[in-house]
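Colleague: Provided herewith is a single structure, encoded as structure tokens, for subsequent inquiry.
The values are calculated or read from the model by the stated rules, or taken from the named source; none is laboratory data. This one's a predicted model, so the numbers in the text were calculated from it and none came from an experiment. A quick note on method: Cβ atoms are made from the backbone with ideal geometry, for glycine too, and the neighbour counts reach across all protein chains shown. We work out accessible area using only protein heavy atoms, side chains counted, and drop any ligands, DNA or RNA first. Shrake-Rupley method; radii C 1.70, N 1.55, O 1.52, S 1.80 Å.
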Amino acid sequence: MKLLEIKDLSVQFSVHGKILQAVRGISFDILAGETVGIVGESGSGKSAAVQAITKLSQAEKIGGSALFEGVDLLKEKELKHIRGRKIGMIFQDPMSSLNPTMRIGAQIMEGLLFHKLHPKEEAKRKALEWLKIVGVPDPIARFSQYPHELSGGMRQRVLIAIALACSPKLLIADEPTTALDVTIQAQILDMLKNLQKRFQMSLLLITHDMGVVSEICKKVIVMYAGKIVEMGSVDEILKSPKHPYTQMLLRSRPNLESTKEIPLTSIDGSPPNLLDPPKGCAFKERCPFAANICDKDPPFIKSTACWRVS
């Protein structure tokens, strides 16, 4: 069953009197209990898309539709009854996402009380339970502390507790491990994977790291310059990527097979300026296979937007 259905989503920002086309007509679904990763370079439109569908965007114009359990999120005047309750969000910088003036426990209780899910004493018990679930040591002591008294990894665990406190059906994690060291990253990803299975929720993971996607996701959406260029299962994308951009992303990722004889490769050039998007395939200036036909928009066939595949 489809939990979230995105159709022809477009997001435009006003920058110095010009229109920046951050997201240019993307469509995808998330099934109930499914784990989906959106991957791409900075500026590809990943975060702009999820911020738009949750009405956290400062965009000038948002088009298309975003059906969540049959309700078009883009047409709802207010999402307070959905955001936090049915859709939880984890942001990439826990220090700026947490309220520095509120104690940890109060921040976890806030959603439970706002949505009237529990009276105050029960909300406190639930908050302590969530601190334990996400692996925060000594929950009773942490409950009364402020964010600055915790490490980066502990703050991220608190953010996860806040996002999951109301038992949402969909969890959106926007670069949840970017600000953490490698060891803590692995712990957070492993915890997200286990929590997703335990509570049977859908998970939408936003990242620039294909390695993170391979660890936790079942389906992958590859974005470039505001568009989806490839989509498929993790196995399909990792074993047989079809779009040149996906292929080059994977070759730039270190793995156990990397050797001096087979060095990592980089993607030459830079993404296009979306204040003036190129005609045709946006990747053509960086693509080793570019041809004259790439001046036309490639059709999205066989889950890939590339003339070589069609």
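Colleague: If we keep just the residues of the range 144-153 that are in a helix (DSSP H, G or I) and over 25 Å from Ile87 (Cβ atoms), which is least open to solvent (accessible area, probe 1.4 Å)?
Modeller: It comes out as Glu149.
Colleague: To continue, here is another question. Can you find a residue in the range 222-245 that is open to solvent by 40 Å² or more (accessible area, probe 1.4 Å), out of contact with any helix residue (DSSP H, G or I) (no Cβ under 9 Å at 6 or more places or on another chain) and assigned to a loop (DSSP other than H, G, I, E, B)?
Modeller: The answer is yes; a qualifying residue exists.
Colleague: Taking the range 262-310 as the search range and keeping residues that are aromatic (Phe, Trp, Tyr) and over 27 Å from His16 (Cβ atoms), which one is surrounded by the most Cβ atoms within 10 Å (Cβ to Cβ)?
Modeller: That would be Trp307.
Colleague: Additional query: On the given criteria, is Gln156 of a type in the set (S, T, N, Q), assigned to a helix (DSSP H, G or I), at pLDDT below 95 and open to solvent by 70 Å² or more (accessible area, probe 1.4 Å)?
Modeller: When the stated conditions are applied, Gln156 does not pass them.
Colleague: Just need a number here: residues in the range 54-73 that are of a type in the set (A, V, I, L, M) and at pLDDT 95 or above.
Modeller: 4
Colleague: Might you check whether a residue that is more than 22 Å from Ala32 (Cα to Cα) and crowded, with 19+ Cβ neighbours inside 10 Å occurs anywhere in the range 110-122?
Modeller: yes
Colleague: Determine whether Leu79 is at pLDDT below 95, open to solvent by less than 20 Å² (accessible area, probe 1.4 Å) and more than 28 Å from Ala32 (Cβ to Cβ).
Modeller: No.
Colleague: Test of understanding: among Met95, Met102, which residue is surrounded by fewer than 21 Cβ atoms within 10 Å (Cβ to Cβ), in contact (Cβ under 8 Å) with a residue 60 or more places away in the chain and not polar (S, T, N, Q)?
Modeller: Exactly one residue qualifies, and that residue is Met95.
Colleague: Within the range 58-97, which residues are more than 15 Å from Cys166 (Cβ to Cβ) and touching a Lys or Arg at 6+ places or on another chain (Cβ under 6 Å)?
Modeller: Gly64, Ser65, Pro94
Okay, residues lined up against (1) among the small types (Gly, Ala, Ser); (2) over 20 Å from Met201 (Cα atoms); (3) outside any helix (DSSP H, G or I):
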position: Ser47; (1), (2), (3): yes, yes, no
position: Glu78; (1), (2), (3): no, yes, yes
position: Glu122; (1), (2), (3): no, yes, no
position: Glu129; (1), (2), (3): no, no, no
position: Val136; (1), (2), (3): no, yes, yes
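Colleague: Tell me, which residue of the range 191-203 that is outside any loop (DSSP other than H, G, I, E, B) and touching a residue at least 12 places away in the same chain (Cβ under 8 Å) is farthest from the chain's Cα centre (by Cα)?
Modeller: Filtering first and then ranking leaves Phe199.
Colleague: Taking the condition of being under 21 Å from Ala186 (Cβ atoms), open to solvent by 10 Å² or more (accessible area, probe 1.4 Å) and of a type in the set (A, V, I, L, M, F, W, C), how many residues in the range 123-143 meet it?
Modeller: 1
Colleague: Sticking with this one: Looking at Asp181, Asp174 in this structure, which one is farther than 20 Å from Leu112 by Cα and touching a Lys or Arg at 6+ places or on another chain (Cβ under 9 Å)?
Modeller: Going through Asp181, Asp174 in turn, the sole match is Asp174.
Colleague: Could you tell me whether the range 65-72 includes any residue that is under 15 Å from the mean Cα position of the chain (by Cα) and over 24 Å from Asp297 (Cβ atoms)?
Modeller: The answer is no, given that none of the residues of the range 65-72 is under 15 Å from the mean Cα position of the chain (by Cα) and over 24 Å from Asp297 (Cβ atoms).
Colleague: Just give me the residues in the range 268-310 being under 22 Å from Gly232 (Cα atoms) and of a type in the set (A, V, I, L, M), in sequence order.
Modeller: Scanning the range 268-310 gives Ala282, Ile301, Ala305, Val309.
Colleague: For the range 173-181, indicate whether the set of residues that are open to solvent by less than 40 Å² (accessible area, probe 1.4 Å), charged (D, E, K, R), within 27 Å of Gly88 (Cβ to Cβ) and touching a Ser or Thr at 6+ places or on another chain (Cβ under 9 Å) is non-empty.
Modeller: Scanning the range 173-181 turns up at least one residue that is open to solvent by less than 40 Å² (accessible area, probe 1.4 Å), charged (D, E, K, R), within 27 Å of Gly88 (Cβ to Cβ) and touching a Ser or Thr at 6+ places or on another chain (Cβ under 9 Å).
Colleague: Please specify each residue of the range 49-76 satisfying the condition of being in contact (Cβ under 8 Å) with a residue 60 or more places away in the chain, open to solvent by 70 Å² or more (accessible area, probe 1.4 Å) and assigned to a strand (DSSP E or B).
Modeller: Within the range 49-76, none qualify.
Colleague: Oh, and also: Which condition number does Val23 fail, the rest of (1) more than 26 Å from Asn194 (Cβ to Cβ); (2) in a helix (DSSP H, G or I); (3) open to solvent by less than 10 Å² (accessible area, probe 1.4 Å) being met?
Modeller: For Val23, the exception is condition (2).
Colleague: Conditions first: (1) out of contact with any Phe, Trp or Tyr (no Cβ under 6 Å at 6 or more places or on another chain); (2) part of a strand (DSSP E or B). Gly43 passes all but one, so which condition is the exception?
Modeller: Going through (1) out of contact with any Phe, Trp or Tyr (no Cβ under 6 Å at 6 or more places or on another chain); (2) part of a strand (DSSP E or B) one by one, Gly43 breaks only (2).
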